[in-house]
Amino acid sequence: MDTKHYMQDRAAEEFFSRLAEGMFQTTRCSKCGKTHYPPRVVCPHCLNEDLEWVDLPRHGVLMAFTQQEAALRCRKPDVLGMVELDGIGNIFTRIDAPFEELRIGQKVAFDTWTSPDGIALHQFRPID
Amino acid sequence: MAGVYIAGVAMTDIGWQDLDAHELGARMCVESLRDAGLLPSQVEGLLSTPHGYMAETRKMITQRMADYLGLECGLMLDIDSGGNSSSVALHLACDRIRLGEIRSCLVFAAQKEVPKKQVQQDVVGYFHLIKAANSLYDSYQAAFGVISPLPFYAMAIQRYMYDYGIEPEDIARVAVLLRDHSLKHPQAAYDKPLTLDEVMSSPLVSPPIHRLESSEMHDGAAALVLVSQELVQDWDRAVRVAAIAEAHDATSFLPYQGEIDRFPCVERAARTALGRSGYGIADIDVAEVYGAFAGLELMMYEELGFFGRGEAPAAVREGRTTHGGEVLLNPSGGRLSLGHPAYATPLLEFNEVVRQLRGEAGERQRPGASVGLVHTEQGFINGSIVTVLDRQDERAAGAR
């Protein structure tokens, strides 16, 4: 499916194309050193445009999770969740486990996932 | 500072409407002017909102209405700020009236949504609207196929239940209570009582949210007339806008930083509005709260300051938020049971609180209600507006 309709900037295009190659990265300001999530095309802290791509943590904690009935993709039985990444904040992601087996506070690890309609996305899988 | 008064209100029945959104809006403008005792020639401002989220909304909505009703204005604007739109309109109108630029303003909203069934039966015909719904969210949310904020609210509610040990029945009970409230409202979308079992056994649309804990979208229209002191025709029915405060967080839908079950803008707007009004939260007799889901409703009661964190479920269980309780919350039935034509929703909330403060709420009346509060929000409660209303007559103050 065409994903152009939700690509809000060059940073989003870059994020998802890096993800398709297995990289899980965001932007960091080369001037003030602050890391952004989601990635930006300009640093919102110091307004500098010279940004570099850096790795995001690949382990996190499951903060909340649910399923969606009506959606363009990742419909039930897929699980969606918020994962807290140290020093970054919460990211919205697919969770690779049956809903019934999940619990808040679980440790989870990053993986890539390609949707049936061919979109490269990220997911996290419980590791404890 | 010069006072601003709500002199007239009007609302349609809530449900699916046959009339075009323009006619719905026009009828509400006329009805609210009659209620205020004013003629179109006395209207100096006109504000409105889009016709819906899925609706293929028209542009220049206020311009068409100005022509239709013959309104020559000093302020005119179509405002789109999601669920807050008609509250933003009210806030802007109050400011312009206080500045003395205009003496009156008509605010209306007519929501006429594409019925869900129609979209479901003709997915191809409406796919452009589904895609538009998806691109409401940022790239990092939209990529996962999201077309409604339902999964976000579900996670907020799940986390809230986890943090405070709240049981599913505590959430379901809110839906039952709001239905009890709406049974007393002749214009509400629902007229059959709900039981706790029915709510608990309804399907989980996005766990932990049951279908009957989630507000459905409806059609509906409403209007109100704001005036300066000199245009108040009937002081027995005029309701004063004591204070308004608006607060927006630096988030769009999901908060990437901060807690997923906290909505700081609500607390900020409430604290500021109450501070400006000179009232405390305990002075509020009646309030309309924008909670599109039963669990959210509880969280809003707490963020507004009616109860401490995690304490709203017990307050609802003990009858403290209903008739005879310490504060009457969502006597209209709220979003869940009055019905939720989103762009018109803030004006429905004002309709209810104005009627309560006038003593015209019929079976739903809280005896002696004199101070009221309206809370509205947009997005995933990324922004909130809180308005405090009372019956104060400032003519005496002005004469001093």
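The values are calculated or read from the model by the stated rules, or taken from the named source; none is laboratory data. Note that the structure is predicted; figures quoted are calculated from it, not measured. Backbone-built Cβ (ideal geometry, glycine too); neighbour counts: all protein chains shown.
Numerical summary
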{"quantity": "Filtered residues of region B:351-379 (kept if more than 21 Å from B:Thr322 (Cβ to Cβ), surrounded by 23 or more Cβ atoms within 10 Å (Cβ to Cβ) and not charged (D, E, K, R))", "calculated": "B:Thr376"}
{"quantity": "Restricting region A:17-59 to residues that are out of contact with any strand residue (DSSP E or B) (no Cβ under 6 Å at 6 or more places or on another chain) and within 13 Å of another protein chain (Cβ to nearest Cβ), the residue that is farthest from B:Pro255 (Cα to Cα)", "calculated": "A:Ser17"}
{"quantity": "Residues (surrounded by fewer than 24 Cβ atoms within 10 Å (Cβ to Cβ) and of a type outside the set (A, V, I, L, M, F, W, C)) located in region A:74-93", "calculated": "A:Arg75, A:Lys76, A:Pro77, A:Asp78, A:Glu84, A:Asp86, A:Gly87, A:Gly89, A:Asn90"}
{"quantity": "Within region B:7-45, tally of residues that are buried (at least 24 other Cβ atoms within 10 Å of the Cβ) and more than 19 Å from the chain's Cα centre (by Cα)", "calculated": "3"}
{"quantity": "Cross-chain or 6+ apart pairs with Cβ under 7 Å, region B:352-379 first and in the same structural domain as B:Val327 (by TED's automatic domain parsing), then of a type in the set (Lys, Arg) and not in a helix (DSSP H, G or I)", "calculated": "B:Gln356/B:Arg366; B:Leu357/B:Arg391; B:Arg358/B:Arg237; B:Glu363/B:Lys184; B:Arg364/B:Lys184; B:Ser370/B:Arg391"}
{"quantity": "Region A:78-106, residues that are touching a helix residue (DSSP H, G or I) at 6+ places or on another chain (Cβ under 8 Å), touching a residue at least 24 places away in the same chain (Cβ under 8 Å) and part of a strand (DSSP E or B)", "calculated": "A:Gly81, A:Ile91"}
{"quantity": "Candidates B:Ala66, B:Ala55, B:Ala26, B:Ala89 - the one that is in the same structural domain as B:Gln229 (by TED's automatic domain parsing), without any contact (Cβ under 8 Å) to a residue 60 or more places away in the chain and either of a type in the set (Asp, Glu) or not in a helix (DSSP H, G or I) (or both)", "calculated": "B:Ala55"}
{"quantity": "Residue match in region B:145-153 (condition: in contact with a Pro (Cβ under 7 Å, 6 or more places away or on another chain), surrounded by 21 or more Cβ atoms within 10 Å (Cβ to Cβ) and more than 7 Å from chain A (Cβ to nearest Cβ))", "calculated": "no"}
{"quantity": "Some residue of region B:114-128 being among the aromatic types (Phe, Trp, Tyr), in a helix (DSSP H, G or I), surrounded by 20 or more Cβ atoms within 10 Å (Cβ to Cβ) and outside the structural domain of B:Pro341 (by TED's automatic domain parsing)", "calculated": "no"}
{"quantity": "Within region B:157-184, considering residues that are more than 10 Å from chain A (Cβ to nearest Cβ) and of a type in the set (Asp, Glu), the one nearest to B:Ala55 (Cα to Cα)", "calculated": "B:Asp180"}
{"quantity": "Residues located in region A:110-128, provided they are under 10 Å from A:Leu62 (Cα atoms) and either hydrophobic (A, V, I, L, M, F, W, C) or within 14 Å of chain B (Cβ to nearest Cβ) (or both)", "calculated": "A:Phe124"}
{"quantity": "Residue within region B:261-274 that is among the hydrophobic types (A, V, I, L, M, F, W, C), surrounded by fewer than 22 Cβ atoms within 10 Å (Cβ to Cβ), assigned by TED's automatic domain parsing to the domain that holds B:Gly368 and under 19 Å from B:His91 (Cβ atoms) present", "calculated": "no"}
{"quantity": "Test: residue in region B:161-171 that is touching a strand residue (DSSP E or B) at 6+ places or on another chain (Cβ under 7 Å), crowded, with 24+ Cβ neighbours inside 10 Å and not in a loop (DSSP other than H, G, I, E, B)", "calculated": "no"}
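Yes or no, residue by residue, for (1) assigned to a strand (DSSP E or B); (2) without any contact (Cβ under 8 Å) to a residue 40 or more places away in the chain:
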{"site": "A:Gly33", "(1), (2)": "no, yes"}
{"site": "A:His45", "(1), (2)": "no, yes"}
{"site": "A:Trp53", "(1), (2)": "yes, yes"}
{"site": "A:Met63", "(1), (2)": "yes, no"}
{"site": "A:Lys76", "(1), (2)": "no, yes"}
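Residues are listed down the side, and each one gets a yes or a no for (1) over 23 Å from the mean Cα position of the chain (by Cα); (2) farther than 30 Å from A:Gly81 by Cα; (3) in a strand (DSSP E or B); (4) within 14 Å of another protein chain (Cβ to nearest Cβ):
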| position | (1), (2), (3), (4) |
| --- | --- |
| B:Lys192 | no, yes, no, no |
| B:Gly220 | no, yes, yes, no |
| B:Leu254 | no, no, no, yes |
| B:Leu274 | no, yes, no, no |
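For (1) over 24 Å from the mean Cα position of the chain (by Cα); (2) more than 9 Å from chain A (Cβ to nearest Cβ); (3) part of a helix (DSSP H, G or I), each residue gets a yes or a no:
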{"site": "B:Cys105", "(1), (2), (3)": "no, yes, no"}
{"site": "B:Ala110", "(1), (2), (3)": "no, yes, no"}
{"site": "B:Ala132", "(1), (2), (3)": "no, no, yes"}
{"site": "B:Tyr137", "(1), (2), (3)": "no, no, no"}
{"site": "B:Met155", "(1), (2), (3)": "no, no, yes"}
